[in-house]
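Here's the structure we're looking at; comments come further down.
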Amino acid sequence: MAETSSLNIPTVDLADLASGDASRIETAAAALREAFGVFGLVYIKNHGVDTQALNRFYDAFAAFIARPAEEKKPYGRADIWYQRGWTPPNTEVAVASNGQPDFKECYFVAPYPNDEVGAMEFPELYPENVWPANPPPYFQDGLMTLGRSLHEAGLKLLRGSALALGLPEDAFTKLCERAPHVTRSLQYLPLKPEQVDTDIVWGEEHTDFNLLTLLPGGRFLDPEGRPAAAPDNKSGLYLRTRATDAEPQGRKVRGTAPAGCIVAQVGQQLEILTGGTFLATPHVITAPGVSGWQRQSAAHFIHVHTSHVLFPMEKFRTPAAVRNYAPPVLTGTYDIKTLVDIGLAPPSALDKLGYRHYDRLNRQRAGE
């Protein structure tokens, strides 16, 4: 693919969307239509995320990751499909990765209380948070605070996205009320000398399966574990733009946010709802060309509630969109299938789908 500068990706000011000024709102809406329609990604300013608090949390997260694997093991909860707590290295696999696990450790939390009805219907998607018994200072508060600030920015962007498409302002936000939103901290692991300049990447190319992803920016850690500037220009977030006749593979774009901005990415759920008008962002996290370096980052995933049906909204329900995104599917079912695909849920999770009482007649006939 050809590579282009991240300077082509639009920036949206959340203050414009909240201004009440029609011209400012339309300026932001036009930027969103281009950003989410071509790149699947936009930069956001005036987002409300506290950079000092973020770095304080990253310090706490680094302290947790540095603990021995045996000490972290109780918080790696395969029984709840790693939707809360610690995700060990080599656990998650991108759907299009040819089987290579991501080179990272993660920690998942829900920044808001669970929906009780959703938790009854989909217990593994709405588990309670899992916390270390002796967390580093500011680990819990930092991650919860970060998740809530990113969520609020995401809701503002979703309202602006609806206006940009000529929909009611709450068209997307009403679908994600009390949904299984999660905030994830990530630590990309150091490469050994023999792994440098191989096909190992920190995060394989993939698209997120949720509605909208918010990324507050990360930082590198040098081989001594100290925050530092990037060791080279090889590592970072790259995305793939929409395919065109001229560029059928899309264009490779480096996703480096301008100073003071955060990143928002379209997820598969938003792509489906808009019939492909907004495009889920294929993206990859490349590793540096030197050994011993790590990278910390975070992401907040806004989801459609598990009780809603995923299918293009009526405005976008063209014959092509119906062919591309049929059949309609319950969001909770869609979530389970995807978590199986990426290796967080076991294949047996698919047994939860559909009717599970075929043996009842045999038991009844046997008089049991």
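Against the test of being more than 26 Å from E121 (Cβ to Cβ) and of a type outside the set (S, T, Y), the options R356, R363, R323 yield a single qualifying residue, R323. Within the stretch 57-95, the set of residues being of a type in the set (F, W, Y) and open to solvent by 30 Å² or more (accessible area, probe 1.4 Å) comprises Y75, Y82. Test Y126 against the stated conditions and say whether it is aromatic (F, W, Y), at pLDDT 95 or above and open to solvent by less than 30 Å² (accessible area, probe 1.4 Å). The answer is yes for Y126. Can you tell me how many residues in the stretch 274-283 are crowded, with 21+ Cβ neighbours inside 10 Å and within 17 Å of the chain's Cα centre (by Cα)? Adding up the residues that qualify gives 5. Which ones in the stretch 261-273 are polar (S, T, N, Q) and open to solvent by 20 Å² or more (accessible area, probe 1.4 Å)? Within the stretch 261-273, just Q268 meets the criteria. Across the stretch 103-122, which residue is most open to solvent (accessible area, probe 1.4 Å) among those that are part of a loop (DSSP other than H, G, I, E, B) and within 18 Å of T331 (Cβ to Cβ)? Of everything passing the filter in the stretch 103-122, Y112 is most open to solvent (accessible area, probe 1.4 Å). Taken over the stretch 321-344, residues that are assigned to a helix (DSSP H, G or I) and of a type in the set (A, V, I, L, M, F, W, C) amount to 5. Considering the stretch 245-260 alone, what residues qualify as being part of a loop (DSSP other than H, G, I, E, B) and either open to solvent by 20 Å² or more (accessible area, probe 1.4 Å) or within 22 Å of G48 (Cα to Cα) (or both)? D245, A246, E247, P248, Q249, R251, G255, T256, A257, P258, A259, G260, listed by residue number.
Applying a threshold of 6 Å to beta carbon distances and a minimum spacing of six or more residues, or different chains, the list of pairs starting in the stretch 202-218 at a residue that is over 17 Å from L339 (Cβ atoms) and ending at one that is surrounded by 22 or more Cβ atoms within 10 Å (Cβ to Cβ) and among the aromatic types (F, W, Y) reads W202/Y188. Out of the stretch 13-24, which residues are assigned to a helix (DSSP H, G or I) and within 13 Å of L158 (Cα to Cα)? Within the stretch 13-24, L14, L17 qualify.
The values are calculated or read from the model by the stated rules, or taken from the named source; none is laboratory data. Small disclaimer: the values here were computed from a predicted structure and weren't measured. Neighbour counts are summed over all protein chains in view; Cβ atoms, including those assigned to glycine, are modelled from backbone coordinates with ideal geometry. Ligands, DNA and RNA are excluded from the accessible area calculation, which covers all protein heavy atoms including side chains. Shrake-Rupley method; radii C 1.70, N 1.55, O 1.52, S 1.80 Å.
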